[in-house]
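The values are calculated or read from the model by the stated rules, or taken from the named source; none is laboratory data. Remember, predicted model here, so these are calculated numbers, not experimental data. We place every Cβ from the backbone using ideal geometry, glycine too, and count neighbours over all the protein chains shown.
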């Protein structure tokens, strides 16, 4: 199997993360390409990361959040009545309850 057909087969199997990483490896000079076991580990890591990213994007779309903000972007001024400590504690409490159901 040549390189192009391998790349096409990865895309047909919907292994997009692996396909992108494999294409990036193929574009490197031969002396810079990783050894086979390192390449397989890299492909698996890329696919896992791609799937996590896709799942996160799906959940963000489904959540219908009014604003797309991270906890670091929340304005914690005294006039709003919230401090960084309260925000951090509520985030930790939410994370702990979420992990309990996993």
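Taking region 69-86 as the search range and keeping residues that are outside any helix (DSSP H, G or I) and modelled with pLDDT of 75 or more, which one is nearest to residue 16 (Cα to Cα)?
Filtering region 69-86 for residues that are outside any helix (DSSP H, G or I) and modelled with pLDDT of 75 or more, the one nearest to residue 16 (Cα to Cα) comes out as 74.
Which number in (1) assigned to a helix (DSSP H, G or I); (2) at pLDDT 85 or above marks the one condition that residue 89 misses?
Of the numbered conditions (1) assigned to a helix (DSSP H, G or I); (2) at pLDDT 85 or above, the odd one out for residue 89 is (2).
Could you check region 1-52 and list, in sequence order, the residues that are without any contact (Cβ under 8 Å) to a residue 24 or more places away in the chain and not in a helix (DSSP H, G or I)?
1, 2, 13, 14, 27, 28, 29, 33, 34, 35
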